[in-house]
Amino acid sequence: MIGATWRLEDAIREVIADPSQFPDESKPMKEKAKALPHLLVRKYPHLSDIEHELRGIFETCRLAIDHNSISPVVAKAAVAIADEYREIIIRLKH
């Protein structure tokens, strides 16, 4: 879960490419879950339909990491979806 979240966060940070806009890396995942998808959509408005989903992915991963109380099936799905969105975001660079 942590790895999938970091990979997704890194992909978003790479395509935004303006460190001054990023939430501080030490900020809680809850804050980054709101800010990073918003920054991505601000730069790529055509991705507005996935902003809510990206927030959900970050939130699901945060809950799994913080509480260890998430179903393994949900955790596995969240990781798979995070990796799929990461691939979509990485393609924006090309």
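The values are calculated or read from the model by the stated rules, or taken from the named source; none is laboratory data. The structure displayed is predicted, hence computed values, not measured ones. Please note: Cβ atoms are built from the backbone with ideal geometry, for glycine as well, and neighbour counts cover all protein chains shown. These area figures cover heavy atoms from the full protein model, side chains too; ligands, DNA and RNA do not enter into them. Shrake-Rupley method; radii C 1.70, N 1.55, O 1.52, S 1.80 Å.
Details
- Between helix 51-67 and the chain there is an angle of about 40 degrees, using the helix long axis and the longest principal axis of the Cα atoms.
- Carbon/sulfur fraction of accessible area - the chain, other protein chains in place, 1.4 Å, %: 56
- In this structure the chain gives 59 Å² per residue of accessible area when probed at 1.4 Å with all protein chains present.
- Expressed as a fraction of 2.2 N^0.38 Å, the value expected for a compact globular protein of N residues, the C-alpha radius of gyration of the chain is 1.01.
- Net charge over other residues, Cβ less than 11 angstrom from the Cβ of Val15 (K, R count +1; D, E count -1): +2
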